[in-house]
1. Against the condition farther than 30 Å from residue 57 by Cβ, hydrophobic (A, V, I, L, M, F, W, C) and outside any helix (DSSP H, G or I), how does residue 110 come out, does it pass?
2. Is one or more of the residues making up region 127-148 touching a residue at least 40 places away in the same chain (Cβ under 8 Å) and within 13 Å of residue 67 (Cβ to Cβ)?
3. Would you mind finding the one in 149, 95, 175 that is modelled with pLDDT of 95 or more, open to solvent by less than 10 Å² (accessible area, probe 1.4 Å) and more than 16 Å from the chain's Cα centre (by Cα)?
4. Tell me which residues, restricted to region 106-137, are open to solvent by less than 50 Å² (accessible area, probe 1.4 Å), hydroxyl-bearing (Ser, Thr, Tyr) and over 19 Å from residue 187 (Cβ atoms).
5. Does any residue of region 122-134 turn out to be within 25 Å of residue 63 (Cα to Cα) and of a type outside the set (Val, Ile, Thr)?
6. For residue 184, are the conditions met, namely being over 22 Å from residue 32 (Cα atoms) and outside any helix (DSSP H, G or I)?
7. Check whether at least one residue in region 10-33 is at pLDDT below 90, closer than 30 Å to residue 168 by Cα and surrounded by fewer than 17 Cβ atoms within 10 Å (Cβ to Cβ), and report yes or no.
8. Which condition does residue 186 not pass, out of (1) modelled with pLDDT of 95 or more; (2) loosely packed, with under 15 Cβ neighbours inside 10 Å; (3) out of contact with any strand residue (DSSP E or B) (no Cβ under 6 Å at 6 or more places or on another chain); (4) not charged (D, E, K, R), if it passes all the others?
Amino acid sequence: MTIKNKQKNQKYWEFKNQTDDSADLYLYIEIASWGGGYYAHSAQSFKRELDSLGEIKTLNVYINSPGGDVFEGNTIYNMLKRYSAQVNIHIDGLAASIASVIAMSGTVYMPKNTMMMIHNAWTYTYGNANDLRKIADDLDKVNQSLRQAYLQKAGDKLSEEDLIALMDNEEWLTAQECYDYGLCDVVEEENNIAACISEDLFSKYRNVPKTLLTRNITNSISVLEMEKRKKLSEQARQNIEYTKTILGGICNGEDII
């Protein structure tokens with residue numbers, strides 16, 4: 001998990017399928033804010049969308065992310081942790097770095113073929129010896145803060161000493177290992193899913209399992225499939241609008257799926 005933000009041209013979350021009782025949240029890319037002011041994609045705008053869901057009873061969070069900005073992700077974790085609805089976390093492929101911290105905010109479900117990676121925070125920096133010592137001290141404080149999320153979730157199944165060793169080693173945990181450490185509540189049967197993260201993002205980490213480097217699918221509804229459906233939906237909407245202009249507004253504007 002990095003401390004320094006990387007600007008992105010898209011928000012790292014998507015709320016979908018809201019009903020009166022529930023909604024789905026997808027965290028499927030690197031977690032990083034971008035832009036400025038009211039229209040920035042950041043934890044601030046995330047909160048506006050979260051609040052707009054109203055008094056739902058269940059929020060299902062689907063994660064397949066390599067992690068990202070530590071402060072951005074930690075803020076999302078705290079928002080979900082105190083959220084009034086039941087928060088169910090589904091690891092669809094990989095919850096790495098700060099994405100694994102976000103996962104600690106609810107009841108965690110992991111199919112057998114999914115993974116979680118935990119490690120110490122790191123950053124890019126420069127400066128003199130005093131500057132670098134301060135950065136190292138700051139990183140120690142960040143790591144201490146992040147450990148609390150894992151320890152609170154794990155309870156008596158994971159000691160702080162063992163957690164420090166896991167984070168020092170950049171540990172890639174299977175679903176069963178997460179369950180044994182108390183970081184997962186339910187281990188499910190394997191689904192047709194796998195982590196699909198770019199090689200550039202994986203290159204930042206040590207000890208990446210070879211199986212992850214060779215996988216090329218995401219989940220039963222892949223990101224590409226989701227994008228395809230979005231395009232089809234937009235095309236259908238445009239066709240409806242065109243039909244309305246031809247028929248003089250006979251169509252009442254309802255969504256047709």
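The values are calculated or read from the model by the stated rules, or taken from the named source; none is laboratory data. Since the structure is predicted, the reported quantities are computational estimates derived from the model, not experimental observations. All Cβ positions, glycine included, derive from the backbone under ideal geometry; neighbour counts span all protein chains shown. Surface accessibility is based on the protein's heavy atoms, side chains included, excluding ligands, DNA and RNA. Shrake-Rupley method; radii C 1.70, N 1.55, O 1.52, S 1.80 Å.
1. no
2. Within region 127-148, one or more residues are touching a residue at least 40 places away in the same chain (Cβ under 8 Å) and within 13 Å of residue 67 (Cβ to Cβ).
3. Values: 149 fails: more than 16 Å from the chain's Cα centre (by Cα); 95 fails: more than 16 Å from the chain's Cα centre (by Cα).
Every option except 175 fails the conditions.
4. Answer for region 106-137, where residues must be open to solvent by less than 50 Å² (accessible area, probe 1.4 Å), hydroxyl-bearing (Ser, Thr, Tyr) and over 19 Å from residue 187 (Cβ atoms): just 123.
5. Checking region 122-134: at least one residue is within 25 Å of residue 63 (Cα to Cα) and of a type outside the set (Val, Ile, Thr).
6. When the stated conditions are applied, residue 184 passes them.
7. Looking for residues that are at pLDDT below 90, closer than 30 Å to residue 168 by Cα and surrounded by fewer than 17 Cβ atoms within 10 Å (Cβ to Cβ), one finds none in region 10-33, hence no.
8. (3)
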